[in-house]
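The values are calculated or read from the model by the stated rules, or taken from the named source; none is laboratory data. The structure presented is a predicted model; accordingly, all values stated were derived computationally and were not measured. Every residue, glycine as well, gets a Cβ built from its backbone with ideal geometry; the counts of neighbours run over all protein chains shown. Accessible surface areas use protein heavy atoms only, side chains included; no ligands, DNA or RNA. Shrake-Rupley method; radii C 1.70, N 1.55, O 1.52, S 1.80 Å.
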Amino acid sequence: MRHRVLGGTGIEVSPYCLGTMMFGAVGNTDHDDCVRIVHAALDEGINFVDTADMYSAGESETIVGKALKGRRDDVVLATKVHFPMGEGPGRGGNSRRWIVRAVEDSLRRLDTDRIDLYQVHRPDHTTDVEETLSALTDLVRQGKIRAFGCSTFPADQIVEAHHVADRRGLQRFRTEQPPYSLLARGVEKHVLPVAQRLGMGVLTWSPLASGFLTGRYRKGLALDLSSGRPTLHPARFDPSAPLTTAKLDAVEQFVALAEDVGCSLPELAIAFPLAHPAVTSVIIGPRTMEQLRNTLKGASVVLDDAALDRIDAIVPPGSDVYPPDGVWSPPALTTPALRRRTIDTRAATV
């Protein structure tokens, strides 16, 4: 498998990154089977493994730690911090207090003395980004992490973080991990161009668009809502919802395109983000060995300009058929009080 340099870190990673969100309680609960999946991925040339503390409440990190025993030096290991890890205040977010505790917890679960890429999983409007960058810079200097990045940050906050780092003499985000797929191309507008200008590495998630690009969900077929992702987020798979109809309409066109290219729909879906010059690696998240094997079959798929032009005609560049699941929304949009003056000050006259 080829390797690409991860931004300005000098770290060489495979174009496929093994995502482990489906290891543990929310997916594959068989630890030994998950370990075998990791080993199979490494044997096929993948050297990049991504997890997070919140995946199955830390269970995923524990599984990854088991899998990497004896092979740790051959792997670029990434994990994340931000989401709550238990009840009560102060057990999540991007504060120094939480980060310095969370990294120790991750190191223990991963059974390692260092993390190659430590990522801030989402923005935190309650914490000044300078505090976050300061804490992460200290962890680099202590040798506990090698580099750090962000995940699902809007372009303006990525730029702000870089300006703060430059002004305060702190290390900066070296990577961004955004959602990017045939059905969700919004990051092409600002996030990917900003990442390129700032020399950041990019590892993208959800190339199969929460399952809609697996071929399992097709127009005219009854949607099975009794298993898999539909049980976790049934509204996203509601057959009567306009967004579901739009996704299924696009899927049919991509199925036809995949047949013309000579590959499967999932292979087309994973090859697409890899064609963008800003993208370093695409996260694949198999739950089973069969899913891993099927994904690896498409590693040699190349989309020529004609295929990419047809993709642009189905979903225009920079547009989303649906808002990507799990994307952070700024408080300015989600909190009415931040976008509405008090009732007594709204009129133009006294």
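Points to keep in mind about this one:
- On the basis of the beta-carbon distance and an R0 of 35 Å, ASP33 and ARG167 show a calculated FRET efficiency of 0.15.
- Relative pair counts by distance (%), Cα atoms of region 120-236, 5 Å bins: 2, 10, 18, 18, 15, 11, 10, 8, 5, 3, 1, 0
- Cα-based Rg / Dmax (Å) for region 73-125: 11.5, 38
- Extent along principal axes [Cα atoms of region 1-46; Å; largest to smallest]: 36, 20, 11
- Shape summary: region 250-301 maps onto an equivalent ellipsoid whose semi-axes, from the alpha-carbon gyration tensor, are 18, 16, 10 Å in decreasing order.
- Here the Kirkwood formula puts the hydrodynamic radius of region 96-178 at 12.9 Å, using every distinct Cα pair.
- Per-residue ellipticity at 222 nm from helix content only, as computed over the chain with -39500 (n - 2.57) for each DSSP H run of at least four residues, stands at -11000 deg cm²/dmol.
- Average Cα contact separation per residue, the chain, under 8 Å, 6 or more apart, as relative contact order %: 18 percent
- Hydrodynamic radius by Kirkwood, which averages 1/r over all alpha carbon pairs of region 200-282, in angstrom: 13.8 Å
- Candidate cross-link partners of LYS66 among the lysines, defined by an alpha-carbon separation under 22 Å and a same-chain spacing of 8 or more, comprise LYS80, LYS144.
- When you restrict to C-alpha pairs under 8 Å that are six or more residues apart and normalise by the size of region 252-350, the relative contact order lands at 25 percent.
- Percent of beta bridges antiparallel (DSSP, the chain, rounded to nearest 5): 10 percent
- Just so you know, the averaged projected area of the alpha carbon convex hull for region 1-117 sits at 7.4 nm².
- Each principal axis of the Cα atoms in region 33-186 has its own extent, and those three values, largest first, are 44, 37, 31 angstrom.
- Amide hydrogen proximity for VAL76: with H placed 1.01 Å from N in the peptide plane, the residues at 5 or more positions away or on another chain lying under 5 Å are PHE48, VAL49.
- Region 281-328: trypsin sites (Lys or Arg not before Pro) in DSSP coil with no more than 11 other Cβ atoms inside 10 Å: none
- For region 120-166, projected area of the alpha-carbon convex hull averaged over all directions, nm²: 3.2 nm²
- Each residue of region 157-172 was assigned a 3J(HN,Hα) from its phi angle through the Karplus expression (A = 6.51, B = -1.76, C = 1.60, θ = phi - 60°), giving 6, 5, 4, 4, 4, 5, 5, 5, 4, 5, 5, 9, x, 9, 6, 10 Hz with x at Gly and Pro.
- Rounded FRET efficiency, nearest 0.05, which uses the C-beta distance separating THR245 from VAL26 and R0 of 41 Å: 0.90
- Global geometry of region 188-329, whether rounded, prolate or oblate, following the gyration tensor of its Cα atoms and the 1.5 cut on a/c: rounded
- Ratio Rg/Rh [Cα only; Rh per Kirkwood] for the chain: 0.97
- Mean shadow area of region 158-223, taken as a quarter of the surface of its Cα convex hull (nm²): 5.4 nm²
- Largest first, the residues SER300, SER329, SER281 sort by 1.4 Å accessible area into SER300, SER329, SER281.
- When the residues ASP166, ASP124 are ordered by accessible surface, computed with a 1.4 Å probe over the protein chains alone, the sequence from largest down reads ASP166, ASP124.
- Distance from region 1-74 to region 309-345 (C-alpha centre basis), Å: 31 Å
- Under the simplified labelling scheme, the SER227-GLU290 pair shows an inter-label distance of 0.9 nm, with each label point 7 Å from Cα along Cα→Cβ.
- Cα gyration tensor, region 283-350 - rounded (a/c under 1.5), prolate or oblate: oblate
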